[in-house]
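Contents: one structure, followed by commentary.
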Amino acid sequence: MADPSRLTHVDEGGSVQMVDVGAKADTERLAVAKGEVHMRPETLRLIVQDELPKGDVLTTAQLAGIMAAKQTPNLIPLCHPLLLTQVDVTFEVDERRSAIEITAAVRTRGKTGVEMEALTAVSVAALTLYDMARRGHRGRPGCSPLRGPSRPVRPAPAFCRQRRLLRPGRGPTRRRRAGLHPARRRRMTP
């Protein structure tokens with residue numbers, strides 16, 4: 001039996017490797033992944049009633065999730081290309097929480113699992129929901145797709161944050177030492 005503490009994607013010399021699954025028997029594999037996108041109630045209503053200018057958001061997100069599952073080996077290094085036998089992406093609208101739950105179920109008959117494909121399907125479906133909903137609300141105050149600040153918070157690029165940290169004569173601020181993300185700093189009281 002293999003050592004459970006050993007990393008499977010690293011060889012004895014410390015180099016990355018693709019796991020050899022050639023000796024494994026083909027078996028039925030199923031992976032289910034779930035995710036949620038929370039939004040403002042008005043945005044959820046527009047999605048459900050298919051009133052966003054970009055079209056049918058749920059059908060587009062479903063198709064994006066299915067296509068993403070099929071492209072997983074092109075996105076994730078060292079992920080095995082698999083013959084998927086089924087990809088099912090579904091949505092459940094939760095009006096009480098103003099959210100859409102995404103579920104992806106992926107099946108194959110093969111030598112390795114399809115967890116990465118299911119996770120990729122959910123992630124891309126969620127990104128598609130966000131993209132299609134946010135574009136339909138530009139210029140409409142109080143109607144951004146996600147809860148939070150009225151305008152998107154864009155953290156500075158890594159090189160800018162690094163320059164601020166290394167500026168001579170200035171140490172990191174109390175908040176930076178606390179390890180808080182730049183988007184959360186504005187909400188803290190001094």
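Looking at VAL37, VAL124, THR72, which one has the Cα that reaches farthest to the positive end of the dipole of segment 27-135 (charges on Cβ: Lys, Arg +1; Asp, Glu -1)?
THR72
Can you return the aspartates and glutamates within cross-link range of LYS34? Criterion is Cα-Cα under 16 Å, with same-chain partners fewer than 8 residues away left out.
ASP88, GLU92, ASP94, GLU101, GLU115, GLU117
Straight-line reach from LYS111: which lysines have Cα under 20 Å away, leaving out those fewer than 8 places along the same chain?
LYS111 reaches LYS24, LYS70.
Residue by residue through segment 115-130, what is 3J(HN,Hα) from phi via Karplus (6.51 cos²θ - 1.76 cosθ + 1.60, θ = phi - 60°)? Round to whole Hz and write x for glycine and proline.
Karplus values, whole Hz, x for Gly and Pro: 4, 5, 5, 5, 5, 5, 4, 5, 4, 6, 4, 5, 4, 5, 4, 4.
Ranked highest first by the average count of other Cβ atoms within 10 Å around their residues, in what order do 91-104, 56-69 fall?
Numbers: 91-104: 16.5, 56-69: 20.6.
Listed from highest to lowest mean packing, they are 56-69, 91-104.
Every number here is computed from the coordinates shown, using simple stated rules; none is lab data. Just so it is clear, the structure is predicted and the values come from calculations on it, not from any experiment. Here the Cβ is made from the backbone with ideal geometry for all residues, glycine too, and neighbour counts use every protein chain on show.
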